[in-house]
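Asks: Have a look at the structure that comes next, please.
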Amino acid sequence: MSEQKIVVLGTGGTIAGKATNALDHTGYSAAQIGVHELLASLPGWHDGTSAERYVVEQVAQLDSKDMGFDVWAKLALRVSHFLAQEDVQGIVITHGTDTLEETAYFLQALLAPTKPVVLTCAMRPATAVAPDGPQNLLDAVAVASSSGASGVTVVCAGTIYGAEDVQKIHPYRLNAFSAGDAGPIGFVEEGRLRLLRNWPRGQALTLVAGLADAAWPRVEIVMSYAGADGTVVRALLKAGVQGLVVAATGNGTVHQDLEAALLLAQQQGVKVLRATRCAEGRLLPGANDALPVALGLSPVKARIKLMLALMQDR
Ligand code: SIN
């Protein structure tokens, strides 16, 4: 068998960011440096074997706050294409931190890969005096190259997180992610993996082939808070919303005025899902719940689950 390859797909983010001052960690432009250049700066890249070992492709170049369905569709198609190649061992995706958890969950829910798909990122631009991107990239390659690794994971600051659990929890520090009380999958130490729990598993959907031309359903997130009411839900119904996720308080409770509007929306055929506003834990469903719950998914991930379910049901 030919040598197993690692595919590296670039999408932008701070890992590819540039600042005019090496001490500036916030006033930079994300998505400026191509993924080929990022890899070329890694130690060992020019040892003569990289060309056979790596397949490198720039899928997009954006600040991940601007992530959209067109890039998701393109990325999912490329990931799916490479996963199907017998000589591909794993895939690394460079991505901005801001919507990293959404892209990771989207790919896991859609593809449930049995090979490793590892998203990585940086909190400091590539031009920083001590950038974190190169080490994160090396760690991600270590995970993608590890026999037995599978599913969509996120690697940041030496920690491996599962796509379903990972969440950005800090706007500045280098270890900006957490898996809440689920905990990380493991750690990357000197290029070696120390595992604490199983790799993500799941059932792939049959959507990927039609994704490029698919009309994405409109699913929006509303939040329950003190003084919340049904105004936003009614406006969204008028705008033709097909699904609603409510970021509910505690164990899925919703302000009575907002809940009344959501129940009405559900009666009118809009799919409604409750997720919790809490950063940790998972919702415990009740026997008589009128609105279904998203269990451990955060509101942004519950939205993706609902969009995919609506697309799958067409
Ligand atoms: C982005 O999400 O693209 C910018 C912020 C970051 O990567 O940390």
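Asks: What are the semi-axes of the equivalent ellipsoid for segment 223-284, taken as the square roots of 5 times the Cα gyration tensor eigenvalues, largest first, in whole Å? All intermediate terms of the calculation are to be shown ahead of the outcome.
Replies: Details: eigenvalues 81, 31, 17 Å².
Largest first, segment 223-284 gives 20, 13, 9 Å.
Asks: Return the Rg/Rh ratio of segment 1-59 with Cα-based radii and a Kirkwood Rh.
Replies: Values: Rg = 14.0 Å, Rh = 12.9 Å.
When Rh is taken as the Kirkwood radius, the ratio is 1.08.
Asks: Give me the Kirkwood hydrodynamic radius of the chain, using the inverse of the mean 1/r over all pairs of distinct Cα atoms, in Å to one decimal.
Replies: Here the Kirkwood hydrodynamic radius works out to 20.3 Å.
Asks: Neighbour counts of other C-beta atoms within 10 Å: give me T97, T26 arranged from fewest to most.
Replies: Values: T97 24, T26 11.
Result, fewest neighbours first: T26, T97.
Asks: Okay, next question. Tell me, what ³J(HN,Hα) does each residue in segment 10-25 have, in order and in whole Hz, if you take phi through Karplus 6.51 cos²θ - 1.76 cosθ + 1.60 with θ = phi - 60° and put x for Gly and Pro?
Replies: x, 10, x, x, 5, 4, 10, x, 10, 10, 7, 10, 5, 8, 8, 9
Asks: Given segment 106-173, what whole percent of its Cα pairs are spread farther than 13 Å?
Replies: Working: 1458 of 2278 pairs.
It works out to 64 percent of all Cα pairs.
Asks: Ignoring solvent entirely, what values of log10 I(q)/I(0) come out of the Debye formula for segment 1-139 at 0.09, 0.12, 0.13, 0.21 Å⁻¹ when each Cα is a single scatterer?
Replies: -0.26, -0.45, -0.53, -1.28
Asks: If you take the square roots of the eigenvalues of the alpha-carbon gyration tensor of segment 184-314 and sort them as a ≥ b ≥ c, do you get rounded (a/c under 1.5), prolate (a/b over b/c) or oblate? Don't skip to the answer; put the middle values down first.
Replies: Details: a/c = 2.43, a/b = 1.42, b/c = 1.72.
Taking the square roots of the gyration eigenvalues as a ≥ b ≥ c, segment 184-314 is oblate.
Asks: Calculate one ³J(HN,Hα) per residue across segment 46-56 by plugging θ = phi - 60° into the Karplus curve 6.51 cos²θ - 1.76 cosθ + 1.60, and present them in order as whole Hz with x for glycine and proline.
Replies: 9, 7, x, 9, 4, 4, 7, 7, 10, 10, 10
Asks: When the Karplus curve 6.51 cos²θ - 1.76 cosθ + 1.60 is applied with θ = phi - 60°, which whole-Hz ³J(HN,Hα) does each residue of segment 155-169 get, with x for Gly and Pro?
Replies: 10, 8, 6, x, 10, 10, 10, x, 4, 6, 9, 6, 8, 6, 10
Asks: Distance in nm between label sites at E280 and Q58, each 7 Å beyond Cα in the beta-carbon direction?
Replies: 4.2 nm
Asks: State the volume of the convex hull built on the alpha-carbon positions of segment 58-190, expressed per residue in Å³ and rounded to an integer.
Replies: On the way: hull volume 14.4 nm³, N = 133.
Dividing the Cα hull volume of segment 58-190 by its residues yields 109 Å³.
Asks: In Å, what Kirkwood hydrodynamic radius results for segment 265-314 from the alpha-carbon pair distances? Numbers along the way, then the final one.
Replies: Details: mean 1/r = 0.0854 Å⁻¹.
Kirkwood radius, segment 265-314: 11.7 Å.
Asks: Write out the chymotrypsin sites (Phe, Trp or Tyr not before Pro) in segment 151-186 meeting two conditions: DSSP loop, and at most 10 other Cβ atoms within 10 Å of their Cβ. Provide the component values of the computation, followed by the final result.
Replies: Values: sites: Y161, Y172, F177; in loops: Y172.
Hits after loop and neighbour filter: Y172.
Asks: Projected area of segment 58-106, taken from the Cα convex hull and averaged over every viewing direction, in nm²? Walk me through the numbers on the way to the answer.
Replies: Working: hull surface 13.8 nm².
With every direction weighted equally, the projected area is 3.4 nm².
Asks: Mind pulling the angle between the C-alpha long axis of helix 256-267 and the longest principal axis of the chain? Nearest 10 degrees, somewhere in 0 to 90.
Replies: 80 degrees
Asks: Still on this structure, please answer the following. How about segment 142-228: which trypsin sites (Lys or Arg not before Pro) there are in a DSSP loop, with at most 15 other Cβ atoms within 10 Å of their Cβ?
Replies: Numbers: sites: K168, R173, R192, R194, R197, R201, R218; in loops: R173, R197, R201, R218.
Taking segment 142-228 and a limit of 15 other Cβ atoms within 10 Å, the loop trypsin sites (Lys or Arg not before Pro) found are R173, R197, R201, R218.
Asks: Same structure, new question: Going down the table (K74/K115; K74/K305; K168/K271; K5/K65), which pairs top 23 Å between alpha carbons?
Replies: Values: K74/K115 19 Å; K74/K305 19 Å; K168/K271 27 Å; K5/K65 30 Å.
Over 23 Å Cα-Cα: K168/K271; K5/K65.
Asks: Can you list residues whose amide H is under 5 Å from D63's amide H, if they're 5+ apart or on another chain and H is modeled 1.01 Å from N?
Replies: Close amide H contacts, sequence-distant or interchain: G13.
Asks: Find which of A149, L110, G281 sits farthest along the positive direction of the dipole of the chain, computed with +1 on the beta-carbon of Lys and Arg, -1 on that of Asp and Glu, about the Cα centre.
Replies: G281
Asks: With axes computed from alpha carbons, what is the tilt in degrees of helix 100-111 against the longest principal axis of the chain, rounded to the nearest 10 within 0 to 90?
Replies: The helix 100-111 is inclined about 80 degrees to the chain.
Since every read-out is calculated from the coordinates, none of them should be taken as a lab result. From a predicted model like this one, the values you see are computed outputs, not experimental measurements. For neighbour counting, all protein chains shown are included, and Cβ atoms are generated from backbone atoms with ideal geometry for every residue, glycine included.
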